[in-house]
1. Limited to the range A:172-192, what total is found for residues that are of a type in the set (G, A, S) and more than 7 Å from every other protein chain (Cβ to nearest Cβ)?
2. Assess whether A:H183 counts as being buried (at least 16 other Cβ atoms within 10 Å of the Cβ) and either free of Cβ contacts under 8 Å to residues at least 24 places away in the same chain or not assigned by TED's automatic domain parsing to the domain that holds A:C252 (or both).
3. Which members of the range B:1-53 meet the condition of being assigned to a loop (DSSP other than H, G, I, E, B) and more than 17 Å from B:T98 (Cβ to Cβ)?
4. Tally time: how many residues in the range B:241-288 are more than 7 Å from chain A (Cβ to nearest Cβ) and more than 30 Å from A:Y156 (Cβ to Cβ)?
5. Would you tally the residues in the range A:170-187 being within 24 Å of B:G99 (Cβ to Cβ) and out of contact with any Pro (no Cβ under 7 Å at 6 or more places or on another chain)?
6. Looking at the range A:526-547, which of the residues that are of a type in the set (A, V, I, L, M) and not in a strand (DSSP E or B) is farthest from A:H505 (Cα to Cα)?
7. Evaluate the range A:242-250: report whether one residue or more is over 23 Å from A:A542 (Cβ atoms) and out of contact with any Asp or Glu (no Cβ under 7 Å at 6 or more places or on another chain).
8. Can you give me the number of residues within the range B:157-200 that are within 24 Å of the chain's Cα centre (by Cα), part of a helix (DSSP H, G or I), surrounded by fewer than 23 Cβ atoms within 10 Å (Cβ to Cβ) and at the interface with chain A (Cβ under 7 Å from one of its Cβ atoms)?
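The values are calculated or read from the model by the stated rules, or taken from the named source; none is laboratory data. Keep in mind the model is a prediction, meaning the values are calculated, not measured. Virtual Cβ from ideal backbone geometry, glycine too; neighbours counted across all protein chains shown.
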Amino acid sequence: MQLIVRRVKKKGASREVAQEAVSGDLIGIGRGSDQAIQIADKRIPLSHSKLSFRNGDLFIQTNSDNSVLVNNEAVRSSRLSVNDVVELAGYQLTVLEGDNGADFILEINLDAQEVQPLQDRFNLKIGDLKFPQRKLSWFFFLTMLFVGLGSPLLGYIVGFDTLRESPLPDDGMWMSGDLHPAHAFTGENCQYCHETPFVSVTDEACLSCHQSTSHHFDQNLVGNSYITGSACQDCHGGHAGEEITREDQELCATCHQDMHGAGYAKSDLRAATDFLENHPSFKVAVNKFSSEGGWSVVRWDQASKEAAVDGSNLIFPHDVHVQQDGINGPDGIEILGCDSCHQVEPGGGNMLDVSMEKHCASCHELTFDPGVPNRYVPHGEPEELIELLKGYYAYEYLQGGVGVGSSALETGAKPRPVRRPGSPTTLSPSTYAVGSDFQGLSQEAIDYVDLKVADAASNLFERQTCAICHAITFDPSESEVPWSVAPVKLTDSWMPKAVFSHDSHENMVCGDCHEAEASSVATDVLMPEIQSCQVCHGGEHAKNLLQSNCLACHGFHYPDQPKMLDSFVFGSDTISDPIADFIQRASAQ
Amino acid sequence: MIHTSFLSHDRFKFLWVALALGLISALFYLFHDPKEPPNGGTWLGYSLGTVGAILILWLTYLGRRKRNFLNGSGTVKGWVSAHVYLGAALLIVGTLHTGFQFGWNIHTVAYALMCVVILSGFYGIYAYTALPSTRNDLKGSQTLDEIFVQVEDRDAQILKLVEGVNSQVSSAITSALDRTVIGGGYREQLFGIDRSLAMINGRLVGNPAQGAILEYLIETLSKEKGQTRERLGQLMNALAERKKLLDIIRDDIKAQARTSAWLLVHVPVTFGLLASLIAHVISVFVYW
């Protein structure tokens, strides 16, 4: 379609005419500058209507809500014939016969209206754009209130599980920080811990899982409940990732700076506030044996005038074993180090037990007769040894008769008298001729065995082998086995209230802390005193030292103390059971 | 002049107040040893949070209060000054309140909205202090209305001049006049985008900064001689003068838009902030 648009404006007595040619299948009319026929007047929409050409006829079709006057009839669409007059916003558009190849001429009479001043035709200010500021403010306000508060609170009405499954914002919006990885299993179920709104997380909520966590002290024994640290939350936070435990020494010091003052009247614990500045001397745990009470552990203050005495009942000179020149071994001189006997337990900090079989036996062979160096007695009770000796010498008698294997008999020397000087009775072969052990044997055989056993036994128990390491007493009234070996117990944990890791001290040498080279008796306690630790370790705020808080060595929940479970009643309806709930959820997936 | 002196009001009284508040908060934060990862739940966290929340409510009230020019106590300038400086201090107080613990939650949303409000406010300070002088530099001693009248004058002049040239050229020029667009929507005003068009050789083409019509005239001019060429030359002069005036108008609209548009962010987001602040405070205690 070819259309000539002719704009006519009165100019004094004459008329001003501007013409332009427009072509296209659809020709837009409107205020917008993208309209082929533009009429700059604010009252006219940006895009008002469209002209189209079908089968030689011209049509007008308005956009959506607009209507237009065609020959004084309001219409939405209409066929336009020559001389039809279209009116919009007071402007007259007259359809005229086309010429010069144009299908029609559209004459627009601009005189019908004053053309507005230039600045009124456009939006020149942000304010002209009618920004819905008030509406938008309300929108933001209500949206945020719903998203952040209203919707999550719906959980208390419809149930949080239902809410979390819906697309609506739930209480996940409130999660202030990451959970500890061990708490991640609770997932979105905030109610596991936050049981009651506006009530801080309770101990019961923690203990519904942590039932087996142990106390810091036995409440029955001490006679107090906790005073400080009475709530789990006093030391443990919830939403700080892995850092949910307070480790500051000031927290411990609230009680430990003065236990009596803190309300623990029965406590005998001395004040401790800082490892370097204010910490009591160590108390080592040593073993003590009494025939009446058996073994007991005594805590020995290292600061006391008397040095600690360990009652292991073992005879062991450290200095002999670790001397730099070495020590006689079965294959010549052997140089022993601390780690020849003391090995760190795998992955841990403590030392593995030292045992006779693993660490002593390779040198301290339990031979009993120089004539049979390949025969050993077991490392056991004296009765066992005597039995074995009897068996061996009876066997020896049967094998070779008199003189076989016995160096003493071979050389013709008299067997040593098997008795201690001053003892009232002599252990003679006849004293061994009891019971039915030797029935069927000749008196010669019995005498032979008894003599040999008595000789070997007194040698073992009084001079060599056993007596080297063990304290042995002789009681002649016990005619069968007059020797008894004092029971031996090595200390398992020298400082049971502290945790120490040898692994993390592997850059040091043993002698830095343990003066083994200067110790000649087993009663010596080779545990370092606090000053030794303080060479490197200071308190939490120490300068130029390793900063060590209480938890560097001490725990709060001592494994040897009663379990928390004992103090609380479970199974009430108010306490959820997160573990059972979790397992149910996990297995349902 | 209100647009600059609110900064130096009462010998920078509120600047000193804000600096003191920010400095005290920072010192507390530096010397505070919370024994747990810094967060809004320590005693300092609660304290800073309380100060921050009170500041937010008060600053919002100030924003409203400063519209009442003569009522109540204080001067508008004083209120604006307090609003600006204490708002800046809020950025410090609020940030320290977080303990730099952020996440995808309502708490961080509240903080982010607070930052948006404060940063848009900072832009507002720039707009109120720098842009008015930019606008004056542009227009010289003239008002915008005067420049519009000059454009209309050029339009009339050009319409007279086109009478003498052939219809093709004249319809192109008149179309360029008619289809000149000034201002427009948000983007057009804020970034000075020119959506002017012109109908050249029967085709609608973009005519930003009147470039298309001037180029068309240069081409046409080069082919003409004598009197026509002289007439086209005069037209071009007039069109070029008109373009210059339009450029000033457009830049002025841009500056004017930028002086006021930041408030369209500042105010509605403030209400979003208020709601998220309420949600933040209440939710923290629901799940205490």
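1. Number satisfying all stated conditions: 4.
2. So A:H183 fails the test.
3. B:M1, B:D33, B:K35, listed by residue number.
4. The total comes to 20.
5. 11
6. A:A542
7. yes
8. Count: 1.
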